[in-house]
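Here is the structure we will look at, set down as structure tokens.
The values are calculated or read from the model by the stated rules, or taken from the named source; none is laboratory data. Computed from a predicted model, the values in this text were never measured in an experiment. Note that we place each Cβ from the backbone using ideal geometry, even for glycine, and neighbour counts take in every protein chain shown.
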Ligand code: ADP
Ligand code: ASP
Ligand code: MG
């Protein structure tokens, strides 16, 4: 039986959390391969550091860097690492510092150098986790994920190559497993066939774990995080939401795609390809159960969940020539694709097309110039996408009016429904997003018979 476990950043944030993660492995759910995220906050801090380094904010870089150093040194002291591990940790911290100095010198951060810098977070956490496991008597070996997660060279959002991964796993991971060791590796990071470091996109450790589960034809993938499963809404936004005992691959994919941060959206693809069940549970409350994600599930309620994704940008292109013209949309979408803009929602009218963009950082002057040659462009920022996830939504009589009746006092910027009967999505101002999801969750899920809100 081969089990892959992934621990997120909060599960490895400090020594007590790491001890708890090891307790989960020893007492609840052993694993053959463990995928580690960077300590919580480290990837964000490194992104900030890179911006500050390139922007010549030397003092800020120094103080932020010292915090990262301090956290890792404190953790290593608490684990009681060997001299070798301490030296490896120090050389990783040195590498981190050198990469930042390079960015400061060049006053520039390329996506390739950013990937190199970001990997240091996961390389440090995996090194310390493996040592902590060894100290608990679990014989473990660290495998550099860059040897196994083979990707293309799309830095920051690299696409894995499952066939190459399978081969690399047989070469670099299987021998350790055969000798009875537990393999610890990094989430989120990979490399091209030529060994150039890449990353899979924010939150990508879940995806790494699923790719390894696929390559090893694992029986289970266990994602250990800071909540006891996938809830009917983000519990940090709607505390009355409940953990869902089971979800189908499709439901989980829809939820992750439209905003449930608890899972990276691509995690489901490898699991579906190999039909590997995924469990999502809390490192800190392993007895509270969690969510099993499988091919098929028993109950299929009309509305399963409400999700929210913030930081959305709405781009509207209008051109009177679009009326009864041919090829306008093709040119518009072609320009977006060439500039790597990821489009989610789309609505069109006679002379306008509106889209939401999930990666607005790619919306630079060059793209805008090109788009403005095609049409008049308007941009609205600070929006939130709300997704209602369920079954046969667009075929259920009265559902749309029920969904929106509780939102009479809200301005809804755009509604997308009909393309899939598994979701209905709409946009609201980000500042009202929490209030809107709470209302929609209340009216569509909590109002259902049998839903009891627990009170303490
Ligand atoms: P990790 O560091 O373990 O990868 P993440 O922060 O990426 O953890 O994901 C866990 C967080 O996802 C939770 O703390 C929760 O606030 C958020 N989240 C968003 N939507 C959901 C949901 N539907 N169910 C559970 N958690 C959710
Ligand atoms: N450390 C990476 C991030 O924060 C990957 C992950 O945690 O999944 O995005
Ligand atoms: Mg995550």
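Here are some notes:
- Selection count, the stretch 3-19, where residues are under 23 Å from the mean Cα position of the chain (by Cα) and more than 21 Å from residue 263 (Cβ to Cβ): 2
- On the stretch given as the stretch 1-12, residues that are within 16 Å of ligand 1 (Cβ to nearest atom) and either surrounded by fewer than 19 Cβ atoms within 10 Å (Cβ to Cβ) or under 21 Å from residue 277 (Cβ atoms) (or both) total 6.
- Scanning the stretch 24-39 for residues that are out of contact with any strand residue (DSSP E or B) (no Cβ under 8 Å at 6 or more places or on another chain) and more than 11 Å from ligand 1 (Cβ to nearest atom) returns 26, 27, 28.
- Qualifying residue in the stretch 366-380 (condition: surrounded by 15 or more Cβ atoms within 10 Å (Cβ to Cβ) and under 27 Å from the mean Cα position of the chain (by Cα)): yes
- Among the residues of the stretch 197-240, those that are within 12 Å of residue 270 (Cα to Cα) and either modelled with pLDDT under 95 or within 16 Å of ligand 2 (Cβ to nearest atom) (or both) comprise 206, 207, 208, 209, 210, 211, 212, 213, 221.
- Only listed residue being touching a residue at least 24 places away in the same chain (Cβ under 8 Å) and within 16 Å of ligand 3 (Cβ to nearest atom), chosen from 61, 35: 35
- Test: residue in the stretch 326-334 that is under 30 Å from residue 218 (Cα atoms) and more than 16 Å from ligand 3 (Cβ to nearest atom): no
- The single condition among (1) crowded, with 16+ Cβ neighbours inside 10 Å; (2) without any contact (Cβ under 8 Å) to a residue 24 or more places away in the chain that residue 194 does not meet is (1).
- Annotation for the stretch 243-260: at least one member residue is within 13 Å of ligand 1 (Cβ to nearest atom), in a strand (DSSP E or B) and either at pLDDT 95 or above or surrounded by fewer than 24 Cβ atoms within 10 Å (Cβ to Cβ) (or both).
- Qualifying positions in the stretch 286-343 - more than 16 Å from ligand 1 (Cβ to nearest atom), in a strand (DSSP E or B) and either over 25 Å from the mean Cα position of the chain (by Cα) or in contact (Cβ under 8 Å) with a residue 24 or more places away in the chain (or both): 294, 313, 314, 315, 316, 317, 318
- Selection of first residues in the stretch 257-278 that are over 15 Å from residue 220 (Cβ atoms) and of second residues that are outside any helix (DSSP H, G or I) and within 15 Å of ligand 2 (Cβ to nearest atom), restricted to Cβ pairs under 6 Å at least 6 apart or on distinct chains, gives the following pairs, ordered by first then second residue: 264/203; 264/204.
- Test: residue 182 is away from ligand 2 (no atom under 16 Å from the Cβ) and at pLDDT 95 or above: yes
- Some residue of the stretch 221-234 being crowded, with 24+ Cβ neighbours inside 10 Å, in contact with a helix residue (DSSP H, G or I) (Cβ under 7 Å, 6 or more places away or on another chain) and more than 30 Å from residue 448 (Cα to Cα): yes
- All positions within the stretch 4-23 that are touching a strand residue (DSSP E or B) at 6+ places or on another chain (Cβ under 7 Å), more than 10 Å from ligand 2 (Cβ to nearest atom) and outside any helix (DSSP H, G or I): 4, 5
- Selected residue (criterion: farthest from residue 439 (Cα to Cα)) from residues of the stretch 198-220 that are near ligand 1 (Cβ under 9 Å from one of its atoms) and surrounded by 24 or more Cβ atoms within 10 Å (Cβ to Cβ): 205
- Residue in the stretch 334-341 that is touching a strand residue (DSSP E or B) at 6+ places or on another chain (Cβ under 7 Å) and closer than 30 Å to residue 249 by Cβ present: yes
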